[in-house]
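Nothing in this text is a laboratory measurement; each read-out follows from the coordinates by a stated rule. Everything numeric here is computed off the predicted structure, so don't read it as measured data. Here Cβ is always computed from backbone atoms with ideal geometry, including for glycine, and neighbour counts include all displayed protein chains.
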Amino acid sequence: MKQNTRLILALDEIDRKRAMKIAVDVSDYVDAIKVNYPIVLACGLKIIKRLSKIADVICDFKVADIPNTNRLIVEQVFSMGAAGIIVHGFIGHDSVKACVDSAKGDVFVVTEMSHPGGKEFTQPIADKLARLAVEVGANGVIAPATRPKRIAQIKELVGDLKILCPGVGAQGASPAETINAGADYIIVGRAIYKAKEPKKAALKIADEIKMML
């Protein structure tokens, strides 16, 4: 995955026509587009293939099942041209390793969720999940932009693995503070795709990141 603007668009728009337009409009300002279940359930799995012609696509499916099921999910995702997939780490080494072994691209392991509820269950074990990501050979981890201190702590554990951080924009995290804490990429959704002019919104955030580098 390229690392030019360090901005990833979380495209949770469920209208296919609007989603594709937004993707084209912001393509010069994002390094990748992250899709989740809303857009795939609304538009079908082939939306991944369509979007991948515009930018690298990361499937945020937070895969969390037994090894064989994980393998099947990962194979389907990459058969559609995805560049990466996000998986949960709490399912254990064997299940995450199955994702890594089946992937034809990058695998990112969730360490700590960015919403307030993330403090309840993922934060207490986030350090263990970060170490697991390293041990199974994942390409990177997901850390919370909403808690910059945690990004720095997780970075110490994962070394050269890429850190992707959701929570910038609608959840209140700052692009500058997130980058300063050690994020390799920031993930922004509603602040871009719900903006009246998504292109301008993406450009503004990309420029803010650029000033920090």
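Side notes on the structure shown:
- Amide H to amide H, with H built 1.01 Å from N, I54 comes under 5 Å of no residue 5 or more places away or on another chain.
- Long-range amide H partners of A170 with built H, under 5 Å: G189, R190, A191
- Computed from label points 7 Å out along Cα-Cβ, the spacing between K21 and K104 is 3.3 nm.
- Most mobile of Y37, Y193, Y29 in a GNM of the chain (Cα contacts under 10 Å): Y37
- Local charge for V57 was computed over the other residues whose Cβ lies under 12 Å away, with Lys and Arg +1 and Asp and Glu -1, and equals +1.
- Interatomic Cα distance distribution for the range 105-213, bins of 10 angstrom, percent: 16, 46, 30, 8, 0
- Placed amide H near F61: partners under 5 Å, 5+ positions off or other chain: I86
- Relative contact order, percent, the chain [alpha-carbon distance under 8 Å, six or more residues apart]: 19
- The lysines whose alpha-carbon is closer than 16 Å to the alpha-carbon of K49, local same-chain residues fewer than 8 away aside, are K17, K21, K34, K104.
- Here the sum of -39500 (n - 2.57) over DSSP H runs of 4 or more residues, divided by the residues of the chain, equals -13000 deg cm²/dmol at 222 nm, to the nearest 500.
- Summed residue charge, Cβ within 15 Å of R18's Cβ, Lys/Arg positive, Asp/Glu negative: +3
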